[in-house]
Amino acid sequence: MGDQGATVQPLSDWLQVPRALEVAIEGLTDDDLNLRGGTNGWSIRETVHHLVESNVVACTIVIAAVGTGGCTFDCAWLNPDRAWMERMGYRGAVAPAIAVLSPLCRYVSELLSAAPDGLRREIKLLGTPGTEPYAMTVEEMIRLEVEHARHHLQEVDDMLKQRPR
Ligand code: NI
């Protein structure tokens, strides 16, 4: 039982992420969404899109890892720097991006609950050329996504606290 609880926890934490994102930006104006801060100097809008993208990629990696029984995934292209943000533009609303996250996380959680050993599948993430692959299980990657969201949502919270009134 204890072991089962330990494997369910990361999924239930992960399922809270879309709601946490919704709550974080509830009632924000366009100007609020354009506020910049955090370690990357991103706007709140860019931060929201970054978190959605990160989870969309994580879901793809889960499917690859479960379907193949363990996979190597090339993440070298995933470098959300200033140029990435400019190329993406992100001029539209954030609501559709957030709206896709909740059903996506639910779908992949259901998939992981049904797949034997789904959470224990091994992933090797390839980063910058010349660096060692980063090995983890699906479960560890999901825990990292939860931490990742907490980190950026804290930045959003700090930006909003510092906004001019
Ligand atoms: Ni990030």
Practice problem: Hey, can you grab everything whose amide H is under 5 Å from the amide H of W42? Only 5+ residues off in sequence or another chain; H modelled, so Pro and N-termini drop out. | Solution: G37
Self-check item: Cα pair distances in the range 28-67, grouped into 5 Å bins until the bin that holds the longest one, percent each
Solution: 6, 23, 19, 16, 12, 9, 9, 4, 1
Quiz item: Expressed as a rounded percentage, what relative contact order does the chain have, with Cα pairs under 8 Å and six or more residues apart?
Solution: 36
Quiz item: Kyte-Doolittle mean at least 0.0 and Cα extent at least 15 Å along the axis: which DSSP H helices of the chain qualify?
Solution: 2-25, 44-68, 95-114
Self-check item: Reference-scaled alpha-carbon Rg (2.2 N^0.38 Å with N residues) for the chain
Solution: 1.09
Quiz item: Among T60, T68, T131, which one moves the most in a GNM of the chain with springs linking Cα atoms closer than 10 Å?
Solution: T131
Self-check item: GNM result for the chain, Cα springs below 10 Å: residue of P80, P129, P18 fluctuating most strongly
Solution: P129
Quiz prompt | Per-residue [θ]222 nm for the chain (sum of -39500 (n - 2.57) over DSSP H runs n ≥ 4, rounded to 500) | solution = -21000 deg cm²/dmol
Quiz prompt | For the range 73-101 and the range 11-58, distance of Cα centres in Å | solution = 11
Quiz item: If you stretched the chain out fully between V23 and W77, how much longer would it get, using 0.36 nm times the residue separation minus the C-alpha to C-alpha distance?
Solution: 16.4 nm
Quiz item: For the chain, what proportion of DSSP beta bridges, expressed in % and rounded to the nearest 5, is antiparallel?
Solution: 60
Practice problem: Mind telling me which of E26, E122, E140 comes out most flexible in a GNM of the chain, alpha-carbon contacts under 10 Å? | Solution: E26
Quiz item: For the range 1-86, what does the alpha-carbon gyration tensor say about shape, rounded, prolate or oblate, given a ≥ b ≥ c as the root eigenvalues, a/c under 1.5 as rounded, and a/b over b/c as prolate?
Solution: oblate
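No lab work stands behind these numbers, since they all come straight from the coordinates. Owing to the predicted nature of the structure, the values given are computational and were not obtained by experimental measurement.
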